[in-house]
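The values are calculated or read from the model by the stated rules, or taken from the named source; none is laboratory data. No experiment lies behind these values; they were computed from the predicted model shown. Cβ sites come from the backbone with ideal geometry, for glycine too, and all protein chains shown count toward neighbours. Note: areas computed on protein heavy atoms with side chains; ligands, DNA, RNA excluded. Shrake-Rupley method; radii C 1.70, N 1.55, O 1.52, S 1.80 Å.
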Amino acid sequence: MSLGFLGASLFFGDSLITPAISVLSAVEGLEMGAPALHPFIVPLALGILVGLFVIQRHGTAAIGKLFGPVMLLWFTVLGLLGLLGILRNPQVLAALSPAYALHFFAAHGVAGFLILGAVVLAITGAEALYADMGHFGRRPIQLVWFACVLPALVLNYFGQGALLLASPEAVRNPFYMLAQEWALYPMVGLATVATVIASQAVISGAFSVTRQVIQMGYAPRLIIRHTSAAEAGQIYIPFVNWTLMAGVALLVLGFQSSSNLAAAYGIAVTGTFAIDTILVCMVMRVRWGLSLGATLAGMLTFLTIDLAFFSANAVKIPDGGWFPLAVAMLVFTLLVTWKRGREIVQQRLQETAQPLAPFVGVLLAHPPIRVPGTAVFMTADAHGAPSALLHNLKHNKVLHERVVILNVRYAEVPYVAADRRLEMEKLAEGFYHVVVRYGFMDDIDIPLALSECACGMQFELMDTTFFFSRENLIPTRGAGMSPWREHLFATMARNAASPMTFFRIPANRVIELGAQIEI
């Protein structure tokens, strides 16, 4: 599990670098036709990126319809330009033979190995095709890759190679110099639009991954807004959006050019490659039941390639590769600190909690005043009496005629089927225990789940009150975590989104009761 979250942490570093390097590299084409525009490259790229983050709160449903046609045009143009370059110098196709690669490594030794750090930039982004496997399925991705993307990229790279063989001076920017002079500015415009779309995909991916780690219990609750009534997966997380914008802006201002950012880019992607390989091999062994020998053979084969690319990029750590590693370590520290902190809080609550079944028996034997309506007490502990219920009885000395102990559980699957969403158990007359299950890609809506309850009990929202316990965390010296991590966890907890917002419960139906917990 920790290895998977380390890979996710590297992805957040990639989410910062990809928009910066993509838009910068596209806008830098303006210098080819007008070198005097050089001072305006960074401000222009910065303006485009800031605008991209500003419009995130409106969603991409309206402009998303253009994404497919624009990208199809983009790859078609890439392929045609590459084909024209190859036709002018067809001997470049000899490079398809792996013998040239082997000869290159034999002739250049360590230098040949280190060049992999630059070669990897030609394949980065291909892994993003599989990010939406769950939405589109395997077949459409295979079709798009083999019928469009792969041929277009191969043609374009070989076209650039043909251009360099004929005109070595084109090395300063072979991509734009592959086009005719009249097509430079249209190519800059098309490249900028394509890189904005690519950046949008990464930003959306960051929103999706953040929601997943929240629902798996590795991050505090954040405000999650839905930007489309038709597409459940289109979400917007303000905190993540503005954090990414600040990070991307600092990258653009700090590195100034795409060539400088290239050093930071490779280390994040190749690190993720290696982690993905290990995780896939674990799936092969545990889920698919492959033999140990076959699993190790597959892992060693792919891991050798991944680690070769990672090692070649490792020499660039002092020149910028440190950045995604630093971001990954920061994010990973936050994730594991939150998870460990919540475990400590639950332990402290269980130490003082009363077992639910005996507690309900005592209440029925000596019932307090019962008032009309339904009270829902949300708790993470399915076996103990919620602290909010105890505090309500202590201070208000009343009990609603219907009491629901609600426990939200997250399954390690993307989606939970509707017929398995809700489960109810009657504890005693007027007392119920309800479990609501969500996958890490499900949209959380507690009132909606309760309203669709087919368990013999009708929930009327205007007749229901939700009770929450708000913990005031007090860091103390002890066996929990180191002091700095306890303070970090307490700060994260104070800044977490309100449970009423996260669970989509109307604020006027919620009562919060405080409690102090030493961690």
List the relative contact order of the stretch 237-357 as a percent without decimals, with contacts defined as Cα pairs under 8 Å and 6+ residues apart. 33 percent
Of the residues I505, S25, T465, the Cα lying farthest along the dipole of the chain towards its positive end, which is defined by charges on the beta carbon of Lys, Arg, Asp and Glu, belongs to T465
Find the Cα radius of gyration of the stretch 392-519, compare it with 2.2 N^0.38 Å by division, and give the number to two decimals. 1.23
Please report, in whole Å, how far the alpha carbons of the stretch 308-454 spread along each principal axis, starting with the longest. 72, 35, 21
With label points set 7 Å from each Cα along the Cα-to-Cβ direction at V171 and Q350, the distance between them in nm comes to 6.3 nm
Scanning the chain for helices, which whole DSSP H stretches are 15 Å or more long along the axis (Cα) and average 1.6 or more by Kyte-Doolittle? 38-54, 61-88, 238-255
Full-stretch length increase - T76, A106 - with 0.36 nm per residue and alpha-carbon distance subtracted: 7.2 nm
Each label sits 7 Å from Cα toward the beta-carbon; between S451 and A428 the label points are separated, in nm, by 3.2 nm
How large is the charge dipole for the chain, taken about the Cα centre, if only the Cβ atoms of Lys, Arg (+1) and Asp, Glu (-1) carry charge, to the nearest 20 debye? 560 debye
Place a point 7 Å from Cα of Q91 in the direction of its Cβ. Which residues in the stretch 166-194 have their backbone N less than 18 Å from it? 166-170
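Subtract the Cα-Cα distance of R509 and A380 from 0.36 nm times their separation in residues, and report this length gain in nm to one decimal.
Length difference between fully extended and current span is 44.5 nm.
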Take the alpha-carbon centre of the stretch 338-401, take the same for the stretch 1-75, and report the distance between them in whole Å. 49 Å
Which whole-number percentage describes the relative contact order of the chain, with Cα contacts under 8 Å and a sequence gap of 6 or more? 18 percent
Result for the chain: accessible area per residue, probe 1.4 angstrom, in square angstrom, of 51 Å²
Quantify, in whole percent, the carbon and sulfur part of the accessible surface of the chain (1.4 Å probe; protein heavy atoms only). 66 percent
What distance in nm lies between label points placed 7 Å from Cα along the C-beta direction at S2 and W242? 3.4 nm
Under 17 Å from the Cα of K339, which aspartates and glutamates turn up, not counting those fewer than eight places away in the same chain? D381, E412, E471, E486, E518
Long-range share for the chain, i.e. C-alpha pairs more than 38 Å apart as a percent of all pairs, stands at 39 percent
At 0.36 nm per residue, minus the direct Cα-Cα distance, what do L300 and C148 gain on full extension? Give it in nm, one decimal, please. 51.7 nm
Please name whichever of T352, A496, Q56 sits farthest to the positive end of the charge dipole of the chain, dipole taken about the Cα centre and charges placed at Cβ: Lys and Arg +1, Asp and Glu -1. T352
Work out the P(r) tail for the stretch 210-357: percent of alpha carbon pairs separated by more than 21 Å, whole number. 66 percent
Restricting to DSSP H runs of at least four residues, report the calculated mean residue ellipticity at 222 nm for the chain, -39500 (n - 2.57) per run over all residues, nearest 500 deg cm²/dmol. -19000 deg cm²/dmol
Given a cut-off of under 8 Å on Cα pairs at least six residues apart, what relative contact order in percent is computed for the stretch 408-454? 45 percent
